[in-house]
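To start, the structure itself, in structure tokens.
The values are calculated or read from the model by the stated rules, or taken from the named source; none is laboratory data. Just so you know, these numbers come straight off a predicted model, no measurement behind them. With ideal geometry, Cβ positions are generated from the backbone for all residues, glycine too; neighbour counts draw on all protein chains shown. Keep in mind that these areas ignore ligands, DNA and RNA; they rest on the heavy atoms of the full protein, side chains included. Shrake-Rupley method; radii C 1.70, N 1.55, O 1.52, S 1.80 Å.
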Amino acid sequence: MALTTDPALQNQVVYSVYVRAHTSEGTFNAIIPDLDRIRALGVDIIWFMPIHPIGEKGKKGSLGCPYANRDYRAVNPAYGTMEDFGRLCEEIHKRGMKVMIDVVYNHTSPDSVLWETHPEFFFKRPDGSPGNRVGDWTDVIDLDYSVPALWDYQIESLCTWAKLVDGFRCDVASLVPVDFWKKARAAVEKVRPGCLWLAESIHREFGAFCRSNGMYAARDTELFDAFDMEYEYDIRTVFDKMLRGEAPLSQWADLLEFQEAVYPANYNKLRYLENHDQPRIASLVTDAIALENYTAMLYFLKGATLLYAGQEWADTRQPSLFEREPIDRDTGRDLTPLLQTLSRIKREALSPDDAFFARAMDKSGVAVMTRVNAAAKKVGIFSLQGRAVSVELDDVPDGSYVNLVDGTRVTVLRGALRCDGKPIIFSIAK
């Protein structure tokens, strides 16, 4: 892990905001009245998807994709001014939260300020025209990190933003040299000590594809040299297959234990059920009780928790990256009380030094997870189909325990516990 990584990050909650979709106005100023509600969810860090101007050339949809960045050193005028964003950061800080912005350093829009001023910073096709190495990203052109002056420009940009924000979520970080990120981290640390670094690491299949085609693609173990947190795309494919009924729950549970075995002792995988690139979990898990179980399991997993704005209302629509589609707050469902409880459990009952174990009951769709340290054993039982089922717990003493999720008592008798379908988390002091 990066030498200055704080283990306490594992117990924190990150809330992802797409400014365009968060309110009907789609502005920085319109977010401020919502900050108290966000904080009350148990949120520690607000991550803003790219806030920079969006390119016009080759744009997708009517408004363009925020990941086709036109200017690293400005804000999207549709969202407001730099002063507006500074005021938003101040209000977030007043409420005890931190601010993380998205930086897209693998590519820019074809009409970016950087292309106009420094064409030598870009990857070129054989005919000398700018292009990208991933063909379906048609609205962007790739940067070329073999050019040292590009490193200086990008690091200078990061240091400027670090005077205002507390961290960076780095888009497709795996495709940018790890040595660049390490140098950037060291420089930013002088401006913002304790700056947070989140890597969007890539699906392992995509990484293998890139490397087999001569592209640079860092492995997750390499990224941890520079980053505090990284995506769990290394095992996400199996999770998605499980949701579709194409892979058993036990396969995913085995991969969780594999992560525990191979990564650094204080590794931090960002855990999520959904994000802006994934379908809404409520569109895939339609049973309300099952969704509660998935949500409780999310918080029990080892690593920081990500909420994508709208998840608290079980929004089923994935907002377009290219249009204005405000999140639906009137779904008739509100997971806020559950999220608040799970946030407290994450902080008070779970510890960064826990050893993590997982097993699955494939036929009944129940995940049994255990977190253990020198002080206590924490047990999580999650019925991912929302069914009542008997669960064998050979390593748990018979007795009555408080379910931290709802305050009821659960009983282990002769090594078994009867789950009524609702999520269960309890702790056993050593």
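Numerical summary
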quantity: Residue match in region 224-232 (condition: surrounded by fewer than 20 Cβ atoms within 10 Å (Cβ to Cβ), without any contact (Cβ under 8 Å) to a residue 60 or more places away in the chain and not basic (Lys, Arg)); calculated: no
quantity: Test: Leu413 is hydrophobic (A, V, I, L, M, F, W, C) and either crowded, with 16+ Cβ neighbours inside 10 Å or under 23 Å from Lys302 (Cβ atoms) (or both); calculated: no
quantity: Pair list, Cβ < 7 Å and 6+ apart or interchain, from region 279-296 residues that are among the small types (Gly, Ala, Ser) to residues that are open to solvent by 50 Å² or more (accessible area, probe 1.4 Å) and in a loop (DSSP other than H, G, I, E, B); calculated: Ala282/Thr316; Ser283/Thr316; Ala290/Gln385
quantity: Region 194-209, residues that are surrounded by fewer than 20 Cβ atoms within 10 Å (Cβ to Cβ) and without any contact (Cβ under 8 Å) to a residue 40 or more places away in the chain; calculated: His203, Arg204, Glu205, Phe206, Ala208, Phe209
quantity: Scan of region 67-112 for residues that are of a type in the set (D, E, K, R), within 30 Å of Asn132 (Cα to Cα) and either in contact with a Lys or Arg (Cβ under 7 Å, 6 or more places away or on another chain) or modelled with pLDDT under 95 (or both), ordered by number; calculated: Asp102, Asp111
quantity: Output for region 218-235, where each listed residue is under 21 Å from Asp102 (Cα atoms), touching a helix residue (DSSP H, G or I) at 6+ places or on another chain (Cβ under 9 Å) and not acidic (Asp, Glu); calculated: Ala218, Arg219, Leu223, Ala226, Phe227, Met229, Tyr231, Tyr233
quantity: Strands (runs of 3 or more DSSP E) within region 341-430 that include 3 or more residues farther than 28 Å from Pro248 by Cα and touching a residue at least 12 places away in the same chain (Cβ under 8 Å); calculated: 399-402
quantity: Any chance Asp6 is in contact (Cβ under 8 Å) with a residue 12 or more places away in the chain and surrounded by fewer than 18 Cβ atoms within 10 Å (Cβ to Cβ); calculated: yes
quantity: Whichever residue in region 353-367 is touching a strand residue (DSSP E or B) at 6+ places or on another chain (Cβ under 8 Å) and charged (D, E, K, R) and, among such residues, is least open to solvent (accessible area, probe 1.4 Å); calculated: Asp354
